[in-house]
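In what follows, a structure is listed as structure tokens, so that the remarks can point back to it.
The values are calculated or read from the model by the stated rules, or taken from the named source; none is laboratory data. Just so you know, these numbers come straight off a predicted model, no measurement behind them. Neighbour counts run over all protein chains shown; Cβ positions are idealised from the backbone, glycine included.
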Amino acid sequence: MTSLVTARGVSKHYGKICAVDNVSFDIDKGKIMGLIGPNGAGKTTLLKAVLGLTECDGDLSVLGLDPFRQRKELMRNICFIADVAVLPRWIRVSQLLDFVESTHPNFSREKAEALLANTKVNTRRDSRVRELSKGMVAQLHLAIIAAIDARLLVLDEPTLGLDIIFRKEFYANLLSDYFDEERTILVTTHQVEEIENILTDIMFINEGRIILDASMDSLGEDYVELLTSGDKAEQARSIGPIAERDVFGKKIMLFEKPDRERLEPLGDLHTPSVADLFVAKVKGAMT
Amino acid sequence: MIGNQLALIRREIWEHRSIYVTPIAIAVIVSLVSLAGMVTVSAFDKELNMALFGASNIAGDAERQAALTAFFLGTSWIFLFALAILTTFYTLDSLYAERKDKSILFWRSLPITDAETVVSKLLTALFVLPLVTVAVIILTHLVNLVITSGWVIVKGGNAAHLIWGSVPLFDNWAAALIVTVASALWMSPLIGWFLFVSAFTKRSPLLMAFMPLIIIPIIEWIFFRSKIFASAVFGRGEMIPLFREMDIEHFFDEDRMVVNEELVRLLAHIDVGKFLLSPSVWTGLVVCGLFATAAIYVRRYRDDS
């Protein structure tokens with residue numbers, strides 16, 4: 001498997017503040033990697049480093065290029081949506097398509113037109129971006145991005161401020177219009193539950209450090225939640241859960257690398273949600 | 001590279017519609033004012049008939065050329081004044097607005113370097129704005145000549161002879177083109193400074209651009225009792241090395257009681273060679289280049305997170 005992004009000992013300091021602290025990871029071709037972290041964890045800084053928007057220490061290679069020094073070359077093969085609001089508000093839809101067509105060698109006007117034909121933006125070619133609804137702006141942006149034959153797509157909170165219908169549609173379109181095994185997606189969002197079923201891999205970041213880097217398939221094997229109560233809870237606690245919480249008088253305990261044979265008699269086992277795992281990991285990292 | 005530049009410059013015109021709206025608005029006002037002027041003077045019937053008679057029969061070609069050139073200059077200077085203001089606001093906004101509305105992240109997601117972007121904005125300020133202004137000056141000139149012709153015809157004059165046979169179109173237009181573009185190049189250090197301010201300032205670029213231009217001369221005066229900075233910045237406009245030494249005394253040849261034909265031509269007063277060989281022109285362009293380079297670096301290395 002080829003690694004599209006390789007980070008070895010990557011750090012980024014802002015004065016005395018360390019936003020990204022000695023991070024190492026790989027992102028392979030054909031993956032959808034979710035980068036999850038609380039506010040101020042260093043997600044956006046890390047993405048900026050990957051996109052060549054900020055300089056960092058350590059070795060970082062994206063598509064075999066140094067992202068900061070070879071940004072123009074990199075941008076031919078990377079797309080990113082940093083926030084729905086970043087499309088210039090004064091530009092007309094048709095002008096935007098003309099501009100991207102004349103500056104991006106990998107942009108297909110036909111594909112963009114075909115994608116827009118199914119959206120509400122289709123009849124608004126002469127409208128300025130500021131006259132479109134937030135949802136339409138997101139559709140427009142995604143159509144442009146999907147029409148670029150890029151190898152890596154980076155999404156930083158792409159659905160922020162959109163209503164639930166548009167958010168669902170956005171990710172559905174992302175999978176149908178953009179993704180295939182030749183392409184790779186790196187996405188951050190606060191709404192983990194909305195994307196966890198499309199992710200192939202996941203990374204947790206907290207205080208500039210990566211506290212989990214795993215494939216979604218391995219999560220089910222490596223982590224398990226036990227729903228238990230009473231004496232059994234005491235027994236389970238002695239096995240060493242990484243987190244514990246109360247729900248309706250029962251205990252839910254989260255185990256890492258679980259010994260299922262020992263846990264099974266103590267209650268119901270199931271795979272934890274990414275959100276619960278995330279909370280447990282972040283709390284665990286802080287203690 | 002050139003394809004990107006054309007696309008980027010076209011984008012500047014889309015974004016800053018004032019590039020063409022401002023000169024066109026002035027053109028409309030100038031044309032309306034000259035039309036109103038003609039209507040007003042029409043009240044002086046007798047004097048007008050005398051003037052038309054004089055222009056047709058007594059005055060020579062040089063006199064008619066001088067009158068029409070004076071008319072051209074009278075309606076054109078205001079465009080240069082507007083261009084100066086337009087260029088100031090355009091350059092101060094050019095690298096500031098994209099940060100304010102956060103679209104900079106979108107622009108930077110395309111395979112375009114920061115240098116290409118800044119250069120496109122510089123080229124727009126140095127050439128596109130002046131060229132659009134010259135085009136509108138020429139258009140206004142033609143519109144005004146057509147209006148004047150109509151008026152002369154109504155008054156019983158021969159417009160083909162009085163206007164179109166006498167107006168030095170090429171001379172007027174070439175002079176307008178040279179003076180406008182040369183003025184932009186001459187003021188390029190300020191244009192570069194404005195671009196740099198618009199790239200680095202976090203708020204109110206207008207204030208940030210002019211504050212140093214006002215404070216530095218004050219400090220210089222307090223400590224050194226000199227005005228070198230102030231005269232270099234504010235006096236620069238008057239020092240443009242484009243014109244020949246004016247010999248206005250010979251404009252009217254008193255012996256022959258006619259206008260000196262040689263001096264009626266605007267191009268006769270312009271010395272492009274002197275401009276191109278002037279060290280201060282090139283020094284100015286170097287200063288502009290340094291500021292533009294600084295703007296590129298600011299855009300590339302700035303990290304607002």
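Scan the stretch B:50-67 residue by residue and report those that are surrounded by 12 or more Cβ atoms within 10 Å (Cβ to Cβ) and either β-branched (Val, Ile, Thr) or not in a helix (DSSP H, G or I) (or both).
Of everything in the stretch B:50-67, those that are surrounded by 12 or more Cβ atoms within 10 Å (Cβ to Cβ) and either β-branched (Val, Ile, Thr) or not in a helix (DSSP H, G or I) (or both) turn out to be B:59, B:60.
State which residue is farthest from the other protein chains (Cβ to nearest Cβ) when the search covers only the stretch B:73-107 and only residues that are hydroxyl-bearing (Ser, Thr, Tyr) and over 30 Å from residue B:169 (Cβ atoms). Steps first, please.
Step one: filter the stretch B:73-107 for residues hydroxyl-bearing (Ser, Thr, Tyr), giving B:75-76, B:87-88, B:90-91, B:94, B:96, B:103.
Next cut, over 30 Å from residue B:169 (Cβ atoms) only: B:88, B:91, B:94, B:96, B:103.
Working: B:88: 20, B:91: 17, B:94: 13, B:96: 13, B:103: 4 Å.
Within the stretch B:73-107, the match that is farthest from the other protein chains (Cβ to nearest Cβ) is B:88.
Just to be sure, is residue B:155 basic (Lys, Arg) and within 14 Å of another protein chain (Cβ to nearest Cβ)?
Numbers: basic (Lys, Arg): yes; within 14 Å of another protein chain (Cβ to nearest Cβ): no.
Considered against the rule, which asks whether it is basic (Lys, Arg) and within 14 Å of another protein chain (Cβ to nearest Cβ), residue B:155 comes out as no.
Taking the stretch A:143-163, which residues are at pLDDT 85 or above and hydrophobic (A, V, I, L, M, F, W, C)?
A:143, A:144, A:145, A:146, A:147, A:148, A:150, A:152, A:153, A:154, A:155
Against the definition (part of a helix (DSSP H, G or I), touching a strand residue (DSSP E or B) at 6+ places or on another chain (Cβ under 9 Å), away from chain A (no Cβ under 14 Å) and over 15 Å from residue B:136 (Cβ atoms)), how does residue B:47 come out, yes or no?
In short, no.
Answer yes or no as to whether residue B:273 is more than 14 Å from chain A (Cβ to nearest Cβ), modelled with pLDDT of 90 or more, more than 22 Å from residue A:67 (Cβ to Cβ) and surrounded by 15 or more Cβ atoms within 10 Å (Cβ to Cβ).
So residue B:273 does not fit the description; no.
Inside the stretch B:150-167, can you point out the residues that are outside any loop (DSSP other than H, G, I, E, B) and either of a type in the set (Gly, Ala, Ser) or over 12 Å from residue B:64 (Cβ atoms) (or both)? Spell out how you get there, then give the answer.
To start, the set of residues in the stretch B:150-167 that are outside any loop (DSSP other than H, G, I, E, B) comprises B:150-154, B:159-164.
B:150, B:151, B:153, B:154, B:159, B:160 - these are the residues of the stretch B:150-167 that are outside any loop (DSSP other than H, G, I, E, B) and either of a type in the set (Gly, Ala, Ser) or over 12 Å from residue B:64 (Cβ atoms) (or both).
Given the stretch A:1-111, what helices (runs of 4 or more DSSP H) lie entirely inside it while holding 3 or more residues that are more than 8 Å from every other protein chain (Cβ to nearest Cβ)? Write out each step before concluding.
Numbers: elements: A:43-50, A:71-77, A:93-103.
Here the list reads A:43-50, A:93-103.
Pull up the stretch B:97-109, narrow it to residues that are crowded, with 22+ Cβ neighbours inside 10 Å and not in a helix (DSSP H, G or I), then point me to the one that is nearest to the chain's Cα centre (by Cα).
The selected residue is B:108.
How many residues does the stretch B:1-15 contain that are more than 10 Å from chain A (Cβ to nearest Cβ), surrounded by fewer than 16 Cβ atoms within 10 Å (Cβ to Cβ) and either within 21 Å of the chain's Cα centre (by Cα) or under 21 Å from residue B:134 (Cα atoms) (or both)?
Of the residues in that region, 1 qualify.
Tell me which residues, restricted to the stretch B:48-84, are touching a residue at least 12 places away in the same chain (Cβ under 8 Å) and within 30 Å of residue B:117 (Cβ to Cβ).
B:79, B:80, B:82, B:83, B:84
Can you tell me how many residues within the stretch B:1-10 are in contact (Cβ under 8 Å) with a residue 60 or more places away in the chain and not aliphatic (A, V, I, L, M)?
Matching residues across the stretch B:1-10 total 2.
I need the full set of residues from the stretch B:110-149 which are assigned to a helix (DSSP H, G or I) and among the polar types (S, T, N, Q), in order please.
The answer is B:117, B:120, B:124, B:133, B:140, B:144, B:148, B:149.
Looking at the stretch A:206-224, can you tell me whether even one residue there is surrounded by 21 or more Cβ atoms within 10 Å (Cβ to Cβ) and either of a type in the set (Ser, Thr, Tyr) or farther than 30 Å from residue A:243 by Cβ (or both)?
Yes, because at least one residue in the stretch A:206-224 is surrounded by 21 or more Cβ atoms within 10 Å (Cβ to Cβ) and either of a type in the set (Ser, Thr, Tyr) or farther than 30 Å from residue A:243 by Cβ (or both).
Which of the residues belonging to the stretch B:16-42 are within 14 Å of another protein chain (Cβ to nearest Cβ) and either farther than 24 Å from residue B:96 by Cβ or in contact (Cβ under 8 Å) with a residue 24 or more places away in the chain (or both)?
Correct list: B:16, B:18, B:19.
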